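Below you'll find the structure, written out as structure tokens, and then a few comments.
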Amino acid sequence: MEPEKMDENEWNYHGEGNKSLVVSHAQSCVVLRFLKFLPNINKSTEEVYQHLHNILDFGKHIMKPFLGENYVHHGEVVKLPLDFLKSLCLKVQSDRPESRCEKEMDVSGYAMCLPNLTRLQTFPFLECRPIFCIEIKPKCGFIPSSAHITNEIKKKVCRFCMHQHLKVAKGKWKRISKYCPLDLFSGNKQRMHFALMNLLQESQNNLKVFKNGELIYGCRDDQEHFLDLNELAHNLKPFFYPASGLISGPQCPKTVVKELIHILTTVLLNNSTDTARAANIMPIIPLSQGRNYCEASHFCPHLSNSKHATEATGLPKGCILYKTLQAQMLDMLDIEGLYPLYKRVEKYLEEFPEERSTLLLDGPYDETFFEKLKDLSLEDDGTISYAVTKIQQYRVAMTAKDCSIMIALSPAVQEECLDPRSVIRSTTSSFIHSVSILDLDLKPYENIPHQYKRDSKIVNHYLKSIKVQEDPLNLYKKSEDCTLLLQKV
Ligand SMILES: O=P(O)(O)O[C@@H]1[C@@H](OP(=O)(O)O)[C@H](OP(=O)(O)O)[C@H](O)[C@H](OP(=O)(O)O)[C@H]1OP(=O)(O)O
Ligand SMILES: Nc1ncnc2c1ncn2[C@@H]1O[C@H](COP(=O)(O)OP(=O)(O)OP(=O)(O)O)[C@@H](O)[C@H]1O
């Protein structure tokens, strides 16, 4: 990337989250990821540079060895000309969803340059071929079993399902999603199918589809018209049925969606994508800890053929879901067990503020930090060292609970000589694929009190709303509604 040749017209708005804004290059398969800040936050160029370097180091030295060489792309920090940044910022402004505009794109001079993960990562020479990509933000895939939990509901209903009630009440989303992360992480194909179907039907910010690098499906916040499953099926049909016309009529969209879900399940359970040493370096947390289904899940085992559908089939070791879940499960104490440790560290820092750098709370993200992640002991000896170790593990776990998985698929041409591990088959066609994990920025230490408060808010709201639902008066009201409806008929 040559700074003097940077031209804002070659870059397009690609997407954004709460902390960063991404633009993609029109021809080459790269993106620039910028930090975002509230207008009143004045970050110096040096601070931004340091922040981006921390993100890079964390990705490179911690998440890459943890999750797998092929899955994680740490990118590089690039310096960009100020006039290019100002013009780019103006250019993308009109494409940004209103709900994200509270924060502004940082134009202080640095950004992260990354491969465009909506494209194939394993075959950069195949840049131009038709491709589609599914981005899934799976969220937390397990139910905590920590002894520190004070409210039993947290051991029965997963955080995502509880949080749905609060999000709908606050107007963030219109409807409750029937997606439950525990179904997706179950390893049981029927449950995974159910989870993916619900993600497609009510995507919220948990699923997006890109075709040739462009967003074609997924909730751009309030723009609900993006979500037409028939249209999506129509768009993806050529990928699954290249000799078009083989299927037609009302069954068509349904068949395409079924094929899509089948291929996604296969990729998510595939354990040969990453050959990295990762699985050997990290201690293995038994996935059988705690329950493996959520009481609020809409999946009905009695409707499925398998009577063991709610039992964990188990994720194949090394598949992307297994690795993500392993990282998430570094949160072994739950925020309720973690918060007192945070307070212990805070008290210590009040007394010895100069010790902050020795505790390595803000990096560096190197071998020493990585070693701390391996210590899974839960014997609290009352030390600061124990508290810091658990805090760092929690931050890594929270990062993994908020990351996204990108699955890029491009039809394989028969005569191509490809590594068989990269080829994945649906019933009708073969695809070469790549899988990546994105948004692996370490969650800030300072966020812990906020997490603690939010946890109790989510739980209390959930308890209140299910109580309202179960209230006999409400049931009566519901039956009244029903009578009215019958009278109408
Ligand atoms: O707390 P959650 O589960 O709502 O997760 C937040 C996400 O909300 P979601 O529920 O996925 O819509 C939230 O996503 P949105 O902004 O809602 O798209 C962020 O990812 C947030 O992370 P950060 O504070 O920006 O680093 C996420 O916050 P963290 O909890 O990961 O810090
Ligand atoms: N390397 C990449 N290649 C292609 N698309 C990307 C890449 N990085 C990010 N994106 C797109 O940009 C969106 C926003 O990026 P990202 O999730 O990193 O933002 P964020 O602000 O950190 O998110 P969050 O709200 O979760 O904190 C992603 O959902 C994804 O669609």
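The values are calculated or read from the model by the stated rules, or taken from the named source; none is laboratory data. Please read these numbers as outputs of a predicted model, since none were measured by experiment. Glycine also receives a Cβ, built like all others from the backbone with ideal geometry; neighbour counts cover every protein chain displayed. When the accessible area is computed, the model is the full protein with side chains, heavy atoms only, and any ligands, DNA or RNA have been set aside. Shrake-Rupley method; radii C 1.70, N 1.55, O 1.52, S 1.80 Å.
Under a Cβ-Cβ cut-off of 13 Å, what is the net charge of the residues other than Leu260 that fall near it, where Lys and Arg count +1 and Asp and Glu count -1?
Overall, the nearby charge balance is +3.
Cβ neighbours within 10 Å, averaged per peptide: list 359-372, 257-270 in order, most packed at the top.
So the peptides 359-372, 257-270, ranked by packing, come out 257-270, 359-372.
How many angstrom lie between the C-alpha centres of segment 385-408 and segment 103-121?
22
Does segment 66-181 classify as rounded, prolate or oblate by the C-alpha gyration tensor (a ≥ b ≥ c root eigenvalues; a/c under 1.5 gives rounded; else a/b over b/c gives prolate, otherwise oblate)?
Judged from the Cα gyration tensor, segment 66-181 comes out prolate (a/c at least 1.5, a/b above b/c).
Short version: ³J(HN,Hα) in whole Hz for each residue of segment 93-107, in order, from phi by Karplus 6.51 cos²θ - 1.76 cosθ + 1.60 (θ = phi - 60°), x for Gly and Pro, what are they?
Residue by residue, segment 93-107 yields 3, 6, 8, 7, x, 4, 5, 9, 7, 4, 9, 10, 5, 6, 10 Hz.
Please compare each pair in Lys139/Lys323; Lys156/Lys467; Lys60/Lys208; Lys5/Lys43; Lys137/Lys178; Lys154/Lys317 to a cut-off of 22 Å on the Cα-Cα distance and tell me which ones are over it.
Working: Lys139/Lys323 13 Å; Lys156/Lys467 16 Å; Lys60/Lys208 26 Å; Lys5/Lys43 26 Å; Lys137/Lys178 15 Å; Lys154/Lys317 27 Å.
Over 22 Å Cα-Cα: Lys60/Lys208; Lys5/Lys43; Lys154/Lys317.
Please compute the per residue accessible area over segment 8-116 with all protein chains in place, 1.4 Å probe, rounded to a whole number of Å².
Here the residues of segment 8-116 average 46 Å² of exposed surface.
Let me check I've understood the local charge: for Gly337, count other residues with C-beta under 10 angstrom from its C-beta, Lys and Arg +1, Asp and Glu -1. What total comes out?
Its environment carries a net charge of -3.
Highest mean first, what order results for 431-438, 41-48 on Cβ atoms within 10 Å?
431-438, 41-48
Given axes a ≥ b ≥ c from the Cα gyration tensor, I'd like to know whether segment 1-72 is rounded (a/c under 1.5), prolate (a/b larger than b/c) or oblate.
oblate
Rounded to a whole number, what % of the accessible area of segment 54-117 do carbon and sulfur atoms account for, probe 1.4 Å?
After summing per-atom areas, the C and S share lands at 49 percent.
Kindly give the semi-axes, whole Å and largest first, of the ellipsoid equivalent to segment 8-116, taking each as the square root of 5 times a Cα gyration tensor eigenvalue. Write out the running numbers ahead of the final one.
Working: eigenvalues 102, 55, 36 Å².
Largest first, segment 8-116 gives 23, 17, 13 Å.
Check which residues have an amide H placed less than 5 Å from Leu207's amide H, if you skip close sequence neighbours.
Here the answer is Lys137, Cys219, since their amide H atoms fall under 5 Å of that of Leu207.
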